[in-house]
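One structure below.
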Number of protein chains: 2
Amino acid sequence: MFKEYCESKIPLIEAELSTLLKTDHNIAPKLYDAMQYSLLAGGKRLRPILLMAAAEAVSGEDGKPYIKPACALEMIHTYSLIHDDLPAMDDDDYRRGNLTNHKVFGEGIAILAGDALLTNAFEVVLRQENVPAERLLKVVKEFSEAAGYNGMVGGQVIDLLSENKKVDIETLRLMHQAKTGALFRAAIRSGAILAGANKEEMIALTEYAENFGLAFQITDDILDVIGEAAKIGKPVGSDIKNNKSTYVTLYSLEKAKEMANDAVASALDALKIFGREAEFLRHVVRYLITRDH
Amino acid sequence: MFKEYCESKIPLIEAELSTLLKTDHNIAPKLYDAMQYSLLAGGKRLRPILLMAAAEAVSGEDGKPYIKPACALEMIHTYSLIHDDLPAMDDDDYRRGNLTNHKVFGEGIAILAGDALLTNAFEVVLRQENVPAERLLKVVKEFSEAAGYNGMVGGQVIDLLSENKKVDIETLRLMHQAKTGALFRAAIRSGAILAGANKEEMIALTEYAENFGLAFQITDDILDVIGEAAKIGKPVGSDIKNNKSTYVTLYSLEKAKEMANDAVASALDALKIFGREAEFLRHVVRYLITRDH
C-alpha cells in the first residue's frame, strides 16, 4: 500500500511543483531556472506526502486539497539541501546523482535560489483556499519555527560545528531533531491543523511525528553502513570515513536497529486513536525500517 | 520633526530587536550571536519606521503597537545585507564601519544567520496581537512576495549578473525596484494593512511607497558621488570606480537630482488625501533629498 499511495501522490506533487512558481514574467530567469533545477531533482517527497496523509487521518478524506502548503514544505526542504551542499557547508558536488545547484549555477545564484525557495514558501502556503485564516496562520508559525534558528538552521549549525568531532548522544539527538525532525513534525502537524484536528488528535500526531523523525534518522545512519551505494546516492560507509558521529557509531548496528524498531512501535502506538483513515501513516513509518534508500 | 520622530522610535526598535529572539535555550548559541551581531549593528531602521508611520497615517494613532511586524522587516533587511556581503556576492569586508558577518563568524555561519533571520521574521510577524487573522495573512504575503524571487532576491540576481556590465535604464530601474523598492513598499503597505486602511488609502500609500523607493535609490546614487565617505560608510565614487551603472552615470548628476525631486513631489502628492496624521511620511520623503548618508 505504501508504494501505491506514493505512486498516486508523487505525480501530483511533481506537477504542482513544476508550475507553482511560473509567472508571466520572471524578473530573473536564471534564478527561476536554478530554483526549478533543485525543486524538480526528484526525491521521496516525504514531507508533502506526510502533510497530506496527516490531513487524511484527521478528515478521513483525500489530502489532495492541501497540496499547496504540502509543496511549500518541499520548497523549504529543497532550499535547505541547496544551502547544505554549498562549499562553505558540506561542500558536496553531487546530490541524488546530479550536480549540486552551485556546481551548475555558481555559488552566488545557488545561495539566492535557496533564499527565494525559502521566502516564497510562505506565500505559497497562503494560496490555500477554503481554510480559515487562523489555521493558515498556525501553519505559517509551524513552518517558520521548524525551519528557523531553533529548528533546521540551528541543527545545521550544530552539524557544522561538530565536523570531525566526536559528539555525545544528546548533541546528536538534538542536532537531528532540529535539522530533520522539526520539518517532519511541522509537516504532520500542519496537515492536522489544516484539516481541523482537535486537541487529542494534535497530541497523538505530534507524538507520531517525533517518533517518525527519530526512526527516520536512525535508519538513515543504518543505511549508511548496510545500504547499497547506488540506491542511497552516496558511498556506503561515508559517515564512518568522515568521522561522523551517528547512531551506529555511538551505539552499535544492533542497538541502532533496536532503537529504530522502538521508535516505529511508539509512532504506531500514538496512532491508536485513529482507525483506517491513518493507515497510510502506519505504512509510511513501517516503511522506514525496510527501506533501502 | 524628522529627527525627533526617529529619535523617539529608534530606541524602541533597538530594544525590541535586542530581545526579540532571546529564548531560555538557544540550541546554537553561535548562530544566535551571529544573528544579533548584524541585527544590532545600527542603521537608519527606515523600514520599521515606515511601517509604523504608515499605520499612524491610517489610524491617526501611535504606530508603536505594530513594532513586532516592524522589527520582522528589519530582520529581512538584515538577512539580505548579510547575504549580499558574502564572498560569492559583493565580497565586502566592512559594513557601516564594522566587519561583515562572514568576516567575524565565517562564511557558513553567516549564510545560516541570514537564513534564520529571514525564516524567523515570519514567526515574528505572527506575534502581533489585536489584529484580525486576515490582516496578518496579508502582511505575510506582502513580506514573502517583496522578499522573494520576483522581489529582493530577483533584484540581487539582476545586480549580480550586471557586475562590470553597462546596463540600460530599464534594467537599472527594475533591479532597484525589486532589490530595494519592494521592501519599502511592503513596509508601508503592511503598516496600512495592519491599521485597517481602506482601498483609497491603500492606493495612495502604495503610490507614495513606490515614489519613496525611487527617490531613495536615486539619492543613494547621488550620495555616492557627492557624499562624505565617513558618513555614507563607503569610499565616495566607488560606484564609478566599480563600473556600476547608476542614475548618475546613466543620466547626469543634474538630471538625477531633478528625477529625485520629481519622485519626492509625486510621493507628497499621493498623500494629499491625508491630513496631519501623515506628516511624518511627508517629512521622511523630503529628508531623502537632504540626507548626507
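When the helices in chain A are scored as -39500 (n - 2.57) per DSSP H run of 4 or longer and the sum is shared across all residues, what 222 nm value do you end up with, to the nearest 500 deg cm²/dmol?
-21500 deg cm²/dmol
Give the peptides A:85-93, B:65-73 in descending order of average Cβ contacts within 10 Å, highest first.
B:65-73, A:85-93
To the nearest 20 debye, what charge dipole does the stretch B:8-107 have about its Cα centre, counting +1 at the Cβ of each Lys and Arg and -1 at the Cβ of each Asp and Glu?
260 debye
Using the heavy atoms of the protein chains and a 1.4 angstrom probe, tell me the accessible area per residue for the stretch A:2-288 in square angstrom.
Accessible surface, normalised per residue, equals 39 Å².
I need the P(r) histogram for the stretch A:1-131: all alpha carbon pairs, bin width 10 Å from 0 out to the longest distance, whole percents.
12, 42, 31, 13, 1
Only Lys, Arg, Asp and Glu count, each charged at its Cβ (+1, +1, -1, -1), so figure out the dipole size of the protein assembly as shown about its Cα centre, rounded to 20 debye.
160 debye
Summarise the partner chain shielding of A:133-146 as one whole number: the mean count of Cβ atoms from other chains within 10 Å of each residue's Cβ.
4
Which trypsin sites (Lys or Arg not before Pro) does the stretch A:1-95 hold that lie in a coil by DSSP with at most 14 other beta carbons within 10 Å?
A:K22, A:K44
If one takes the accessible area of chain B alone plus chain A alone and subtracts that of the pair, with a 1.4 Å probe, what total in Å², rounded to the nearest 100, results?
The summed interface area works out to 4300 Å².
Given the convex hull over the Cα atoms of the protein assembly as shown, what projected area results after averaging over all orientations, in nm²?
25.2 nm²
Quick check: convex hull over the Cα atoms of the stretch A:2-288, volume per residue in Å³, rounded to an integer?
Expressed per residue, the convex hull around the Cα atoms of the stretch A:2-288 is 124 Å³.
Which GluC sites (Glu not before Pro) in the stretch B:75-155 sit in a loop by DSSP (not H, G, I, E or B) and have at most 16 other Cβ atoms within 10 Å of their own Cβ?
Sparse-neighbourhood loop GluC sites (Glu not before Pro): B:E129.
Using the 7 Å Cα-to-Cβ label point, sort the distances from B:A265 to its equivalents in the other copies shortest first and give them in nm to one decimal.
Between copies, matching label points for B:A265 lie 8.1 nm apart.
Please report the spacing between the Cα centers of the stretch A:83-121 and the stretch B:1-58 in Å, no decimals.
Cα centres, the stretch A:83-121 to the stretch B:1-58: 30 Å.
Of all trypsin sites (Lys or Arg not before Pro) in the stretch B:120-181, which ones are in loop regions per DSSP and have a Cβ with at most 16 other Cβ atoms within 10 Å?
Passing both the DSSP loop test and the Cβ count: B:R127, B:K165, B:K166.
Is there a quick way to get the dipole size of the stretch B:2-288? I mean about its Cα centre, with the Cβ of Lys and Arg at +1 and of Asp and Glu at -1; what is the value in debye to the nearest 20?
Charge dipole of the stretch B:2-288: 160 debye, to the nearest 20.
With label points built 7 Å along Cα→Cβ from the Cα atoms of B:E258 and A:N261, find their separation and express it in nm.
Calculated label separation equals 8.4 nm.
In whole percent, and with a 1.4 Å probe on the protein chains, what portion of the accessible area of chain B is carbon and sulfur?
For chain B, the apolar C and S fraction of the accessible surface comes to 49 percent.
Can you compute the FRET efficiency between B:D92 and A:V225 using 1/(1 + (r/R0)^6), with r the Cβ-Cβ distance and R0 = 60 Å? Round to the nearest 0.05.
With R0 = 60 Å, the Cβ-Cβ based efficiency is 0.85.
Give me the distance in nm between label points sitting 7 Å out from Cα along the Cα-to-Cβ direction at A:L161 and B:D292, one decimal.
4.3 nm
Students often get this wrong, so check it: of B:K103/B:K138; A:K44/A:K68; B:K22/B:K141; A:K141/B:K30, which have C-alpha atoms separated by over 29 Å?
B:K103/B:K138
Tell me which of A:A121, A:G154, A:N164 sits at the most positive position along the dipole axis of the stretch A:2-288, charges placed on C-beta atoms (Lys, Arg +1; Asp, Glu -1).
Projecting each Cα onto the dipole axis, the largest value belongs to A:A121.
The values are calculated or read from the model by the stated rules, or taken from the named source; none is laboratory data. Every value quoted in this text rests on a predicted model; they were computed, and no experiment measured them. Every residue, glycine as well, gets a Cβ built from its backbone with ideal geometry; the counts of neighbours run over all protein chains shown. For the accessible areas, the whole protein counts, side chains as well, though only heavy atoms, and no ligand, DNA or RNA atoms are used. Shrake-Rupley method; radii C 1.70, N 1.55, O 1.52, S 1.80 Å.
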